[in-house]
Amino acid sequence: MVKYFCNNTDIKSAWDHVVTAFWQRYPNPFSTHVLTEDVVYREVTADNRLFSRRLLMKTNRLPRWAERFFPGGMSRSVYIIEDSIVDPVNRSLTTYTWNLNHTTLMSVEERCVFKDSVEQPATTQLKREAWISSSIYGFSKPIQEFGLARFKSNQVKAMKGLEYALSNLQGETPQRLLRDTVKDASEKAKEAAKTLASAAAVPQKPQQYV
């Protein structure tokens, strides 16, 4: 079983500005967990699209219940691969991201498509999809529920980080941080964590790791 997430958003900025802000969104005050970003490969394809591969390192703040699944001394950092394709002809930016480590505990794959809106001038349409899975025997379902709640919280922060970068490009200071929205998503993540913690407290058979 895999948890699936899909969200559509209209960004009130021209596609060119959104693409520029995309490359300049780190660092920002909403993504302090992103520690490093490095371009490892880049090329212009035969059909004049720009392909880039980046490696990002993020902190992995685990809830207490997750410690039982991690051997002592295991890295708490998560390494993320981000592939992106900029198509200037069709005016689209497509990104694919996935984690390289800790995939037994949780694997998160994300696809985002930023497209120039035909119906609304100076608007960019964003479709965000995610697939969340876990291979922990006996706990995969509650772990996926927690992962989905955390992803929803993080994608709100990701949008605020992009808006922050857009504001910087326009020489403005962000006026609204949508604190209530972030707080609501964070509360959902906490509730999922409580559910998983309760499940972890129930005696289980010896764990089998896939």
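Values in this text are rule-based calculations from the coordinates and carry no lab data. Model, not experiment: these values are computed from the prediction. Reconstructed Cβ throughout: ideal geometry from the backbone, glycine too, with neighbour counts over all protein chains shown.
Taking every Cα atom in the range 94-168, find the radius of gyration and the maximum pairwise distance Dmax, and write them in Å.
Here Rg and the maximum Cα pair distance are 15.4, 50 Å.
Taking the highest mean first, how do the peptides 138-147, 46-55 order by number of other beta carbon atoms within 10 angstrom per residue?
Result, highest mean Cβ count within 10 Å first: 138-147, 46-55.
Quick one: which of 150-162, 77-89, 12-24 comes out on top by average Cβ neighbours within 10 Å, and what's the full order, highest first?
In decreasing order of mean packing, 150-162, 77-89, 12-24 become 150-162, 12-24, 77-89.
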